[in-house]
Amino acid sequence: MFLFDTLSLIFVALILLGTIPNLFYSFGYLSHIERKRHYLLHYFTFIFSMLGVVTAGNALVFLFFWEVMSLTSWQLILTEVEDKETIKAARFYFIMTHFGFVFLLLFFLIATDGNIDMHFVDMQGIVALFPYPTLLFFMLVFGFLSKAGAVPFHVWLPYAHPAAPSPVSALMSGVMLKVALYGFARFLFDVLYPWPLEWGIVILVIGSISSLVGVLYALSEHDIKALLANHSIENIGIILIGFGMGMIFDSLHLETLSTFAFIAAFFHIFNHMSFKSLLFMGAGSVLHQTHTKNIEHYGGLIKSMPLTAFTFLLASISISALPPSNGFLSEWMIFQSMLGSYNISDTSLKLAIPFAIFALAMTGGLAIACFVKAYGISFLGLHRSDNAKHAHEVNFLMKTGMVLMALVVMSLMLFTPFYIGWFDKMLISLHHVSVYDKMFPDGFWHMHSVAVHGGVVSPLILLASLLGVTLLLVFAYKVLDVKKRVYHTWGCGYKTTAKTQYSATGFAGPIRRFFNWLYKSDEHFHKEKIMEHETKFSDAHYEVHVKPLFETSLYVNSKKLINLVSYWVYRLAHFEQTRYAAMIFNLMLLVLFSYRIFFHAFSWATFVLESIVMIISIKVLIIGDKK
Amino acid sequence: MILYITTIVVLLLLAPLLLSFIKSLKMWLLFKRPTSIFQGYRNFSKLLSKETIVSEETSAITTYAPFLVLSPLLVTMFFLPPVVQGAFYVSFVDAFTITGLISLSTFFLMLLGLDSASAFGGMGSSREAFISALVEPAMVLTVFSVSMMAGDLGVGQAGVNLAAHFPKEHMASFLFAGISFFILLLAENGRIPVDNPETHLELTMVHEAMILDLTGVYLAIIETASSVKFVIFASLFVSLFLPFGYTYAAPLAIFVFIAKLFGVAMVVAILEVNTAKLRLFKVPNLLGIAIVFAFLSLITFYVLGA
């Protein structure tokens, strides 16, 4: 029934690390929630179902807990039903998660041959006989990556995460997405092994696109929780890049590099859990105090909420992959594994990898821009609204939750070798070679890359030297004993007010303009001109909306198509009897004509003639006149 | 070890001189009466003795960010390739780490710009964020390509390897990487054509806009940071792309190295005199060239092996 191997236990550890700080935070947040019983019931069931998913030993138990996880998180999104948007978001989430569920069910029905309470290990024998393993692979991609939020199944994230209460967003983004990745890893390793080269490339491409798309939409977002949700897409993309590299190396029999890339991916899974949970908690605290999600209405919160501001800064540095944070270390490992593409003998593949490197590096640069925006606009400067003015630090339990999560982030940074030892053991249990000794040949100070010309990073030395130099500088400053005077900001002789600061829209302006081919932004600019002067106005209002490309092209258009089909089905169901008779007549004609075409001589002339007869008869008899 | 420390101290002392040298050379080329090349030191000592004025809108970020802008760059100074053969060098720090440290410094600089609630600071931060986001991929790709030619990703080791064995057989890709890196040097240090360090006009400011509200010691720290950053980039360029003169005796080797740094500064000055600053939205074209050259370098290395 249940399975407790290393892969499962590592994800149990992930869930525990993600939920324990969250419990404190959640109890602190509880006063903000009206339907407490409903919330608590679903909250705890959600946590237990996630634990159930990662320890499930057969398909039936797995699917049961998977579905419980989906349903409870769906109910948790609906905790605060205040506006229609929340209901819409919840419905969207419900549909997307069951879209994935259908594929999982199909996968299990094929892989277990109908005997659904079979152990995962026994499924490999059945799958080995199945003639189309790529079909199964795509079922996994559809099933799990739609839950994990990879492009093009990412569209629900920016709706569902902001709608949920903040502790739940932290859990959903930090932990639930990782549970989906657990499923993906579990069935790839246990059931579908060995992988063809193309699968790895597919995952690499999905990862690269997800990371870029996620960060670009995050930049244009002004709802802080939607911004963070978009960053989840980005980070899932980064994880998938590592995963894809691991798969590619594995199918090319570069075992050490493969293990290294997988360790990088799993390390980033942990890192993303830690900093994204922390960011969502920080966003939740800010939201709790200011009652708005729009970052244009924040500003100056560092003065009233110092602890939140500090933990948010820590998480921002980590998610921007700046050294010596844990986010940097995992991204460094992914870069290093891509550097290992030097060993690939296939030139075209070798030439393709730099494009993934480009995507990852670009993502890193844009993530820095995005978090300077998120942090600078929310926490620095002057208060941009009355809500921000009245904010103060959150209650003790919420602070405890944030501090505990900050400790998790710090522990991932300080005890990197320890965590990597775990992942290494896990990959050994999944029949990969061990690289721990190659990565840490001389103790825990230096982390080596296993790529041929690879580099070395020493997180602890970096941290110590950065802290040391900074403290030395601060000390020198104190010794100098500089006289300090407080004065107002220089604003060309004008007063500095909340309105004269840069806004989040303005901050992202250059990047939005450069990527306008993707954003297709909708600008609304309105000003009350004085005496018809272009440059003199009493009041101005500027708003810009970005069109989500994937949503409009994939989802809205497929919705339109379904609508069209259902309209015709509806028309069909409401025909008069004469029409049905006409249809039967036409069907008979079709059968006769096809019989002649397929079983007797074929000639274009008669084919065209018969087609014309069919079309005319359908048009006249069935469709009739337009009303 | 003594050589290692000496080199770092010399480079640190040299940092303000290089920027002042560019400035006075530019003035001389434009038939103006040049300022002294020691102006950088004069500014530094003047700023140290001044009082600091801090805006009342600022927070703890302004108090600590200047130190955090400078310290990653100072740490990077310790990781540069050796100047003299046989000198100690830190072999274990790789180019991704150095890129990251420079980004960390920029990150705090951008926060500093947003902290004073002034429109200029936000403008500078926004532009800097835009430029550095586009610099990042070019940087990583160039580093990737150079590391393959040098046979090591560690910056110190790469410098040593290139000096010991100049990659004549990979001249084409080496040259492409060099061009790309030089464009990055201009972009990261806010030189013309990306940013004009001498102007205080809001249309053109990038770096200056972020630090408009700083005075006294804080300004001295930031100015030092920008000169240290230039030295880091110049010496990386010199050790990775002009790796000669490394084997000479210690004083001569250091002298040759410094001469090369001045050579880079001279090229930058001549370029600045002869080009106009690009509009902000034309900057991506320049950085796009850097990215394309980095790709070209990788592709020629892989496909032609040249």
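Bear in mind that the values in this text are calculations on the coordinates, not laboratory data. Computed from a predicted model, the values in this text were never measured in an experiment. Every residue, glycine as well, gets a Cβ built from its backbone with ideal geometry; the counts of neighbours run over all protein chains shown.
For trypsin sites (Lys or Arg not before Pro), the sites in the range B:258-306 that DSSP calls loop and that have at most 16 other Cβ atoms within 10 Å are B:279. Across all C-alpha atoms in the range A:1-193, the radius of gyration and Dmax reach 16.8, 56 Å. As a ratio to 2.2 N^0.38 Å, the alpha-carbon radius of gyration computed for the range A:154-221 takes the value 1.36.
Along the range B:81-91 the Karplus relation, 6.51 cos²θ - 1.76 cosθ + 1.60 evaluated at θ = phi - 60°, assigns HN-Hα couplings of x, x, 8, 10, 5, x, 6, 5, 8, 7, 8 Hz to successive residues, with x for each Gly and Pro.
Tell me whether the protein assembly as shown comes out rounded, prolate or oblate; compute the Cα gyration tensor, take square roots of the eigenvalues as a ≥ b ≥ c, and use a/c under 1.5 as the rounded threshold. Judged from the Cα gyration tensor, the protein assembly as shown comes out prolate (a/c at least 1.5, a/b above b/c).
Rg and Dmax over the alpha-carbon atoms of chain B stand at 19.0, 60 Å. Annotation: lysines with alpha-carbon distance below 26 angstrom to residue A:36 (same-chain offsets under eight excluded): A:84, A:88, A:225, A:276, A:293, A:399. Of B:241, B:174, B:130, the residue with the greatest mean-square motion in the GNM of chain B, using alpha carbon springs below 10 Å, is B:130. For the range A:342-421, what class follows from the C-alpha gyration tensor (a ≥ b ≥ c being the square roots of its eigenvalues): rounded when a/c is under 1.5, otherwise prolate if a/b is larger than b/c, else oblate? Here the range A:342-421 falls in the oblate category. For residue A:301, neighbours were defined as the other residues whose beta-carbon sits under 11 Å from its Cβ, and their charges (Lys and Arg +1, Asp and Glu -1) total +2. Once Rh is set to the Kirkwood radius over Cα pairs, what Stokes-Einstein translational diffusion coefficient, in µm²/s, holds for the range A:216-352 at a temperature of 4 °C and a viscosity of 1.567 mPa s? Translational diffusion coefficient: 79 µm²/s. I'd like the orientation of helix A:557-573 relative to chain A: the angle between its Cα long axis and the longest Cα principal axis, in ° from 0 to 90, rounded to 10. Around 30 degrees separate the two axes. Each Lys or Arg adds one and each Asp or Glu subtracts one; over the other residues with Cβ under 12 Å from the Cβ of residue B:113, this totals -2.
Taking label points 7 Å from Cα along the Cα-to-Cβ direction, residue A:600 and residue A:411 give a separation of 8.1 nm. When the Cα atoms of the range A:498-549 are aligned to their principal axes, the ranges along those axes come out at 40, 23, 15 Å in descending order. The Rg/Rh ratio of the range B:134-278, with both radii computed over alpha carbons and Rh defined as the Kirkwood radius, is 1.01.
Put simply, the Cα atoms of the range A:575-623 extend 37, 17, 8 Å along their principal axes, the longest span coming first.
Summary of packing: across the peptides A:106-113, B:41-48, A:304-311, A:206-213, the per-residue average of other C-beta atoms within 10 Å ranks them, highest first, as A:206-213, A:304-311, A:106-113, B:41-48. Counted over the range B:236-304 with a bin width of 5 Å, the fraction of Cα pairs per bin, in whole percents, is 4, 13, 13, 16, 17, 15, 13, 7, 2, 0.
Only helical DSSP H runs with n ≥ 4 go in: add -39500 (n - 2.57) per run for chain B, normalise by residue count and round the 222 nm mean residue ellipticity to 500 deg cm²/dmol. Show your work: numbers first, answer last.
On the way: 11 runs with 210 residues, N = 306.
That calculation yields -23500 deg cm²/dmol at 222 nm.
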